[in-house]
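Below: the structure, in structure tokens.
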Amino acid sequence: MAFKLPDWVARLLSVPRFSAYLDATNGDVERAWELYRWNVEVSEAFYGPLHCIEVGLRNAEHRLLEERYGQADWWNLAPLTKHDACRVDKAYADLDRKGVSSPTPDDVVAELGFGFWVSLLNRTYDRHLWVPALHKAFPHYHGRRMSLHDARDHELVT
């Protein structure tokens, strides 16, 4: 008897999304379903470490920038790009939409996404953020800031 994808799965997953798994298994629905489930398990396994990296990075950067600028809402003093300033504004708007009428700096920090914190490591911020403060978030890293940001340096300190 041929394996049939459960109806609820067929309704839940989009055809284009599942077709990638069918293509990878030469149309074998059972193997495609196993591959899909394996992908979910692998993604699940990465969630915990990625969460820790995100929280650790944001807390380290926030602490160092709070020290540098002398206030918890350092983003009001730091020379952020227009794009990153908009991300901060969006965090405030999202908090307001969630019913947080007077958000604390900690609320804003938690609302800002991982991309914001990574963006603070880009070249634009070398002089104002990296050199005076953010390099301290990576005490065992001795490479260039660009390599750290771009993740091209395979000699990162472990």
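Taking the chain as a Gaussian network of alpha-carbon nodes connected by springs under 10 Å, the highest mean-square fluctuation of the residues A91, A24, A72 belongs to A24. For the chain, modelled as a GNM whose springs connect Cα atoms under 10 angstrom apart, the maximal fluctuation among D89, D28, D126 occurs at D28. Note the angle between two axes, namely the Cα long axis of helix 29-69 and the longest principal axis of the Cα atoms of the chain, as a number of degrees from 0 to 90, rounded to the nearest 10. Taking Cα atoms only, the helix is inclined about 0 degrees. Taking only the C-alpha atoms of the chain, Rg followed by Dmax gives 21.4, 69 Å. Note on the range 78-158: with charges restricted to the Cβ of Lys and Arg (+1) and Asp and Glu (-1), its dipole about the Cα centre is near 260 debye. Between S43 and V100, the contour length at 0.36 nm per residue exceeds the alpha carbon distance by 17.4 nm.
So what is the calculated 222 nm ellipticity per residue for the chain, using -39500 (n - 2.57) for each DSSP H run with n of 4 or more, over all residues, to the nearest 500 deg cm²/dmol? Counting only the DSSP helices, I get -18500 deg cm²/dmol.
For the chain, the longest principal axis of the Cα atoms and the long axis of helix 15-24 meet at an angle of about 70 degrees. When only alpha carbons of the range 1-82 are considered, Rg and Dmax amount to 22.3, 69 Å.
FYI, it's all coordinate maths here, none of it is from the lab. As the structure is a computational prediction, the values presented were derived from the model and not from experiment. So basically every Cβ, Gly included, is an ideal-geometry build from the backbone, and we count neighbours across all protein chains shown.
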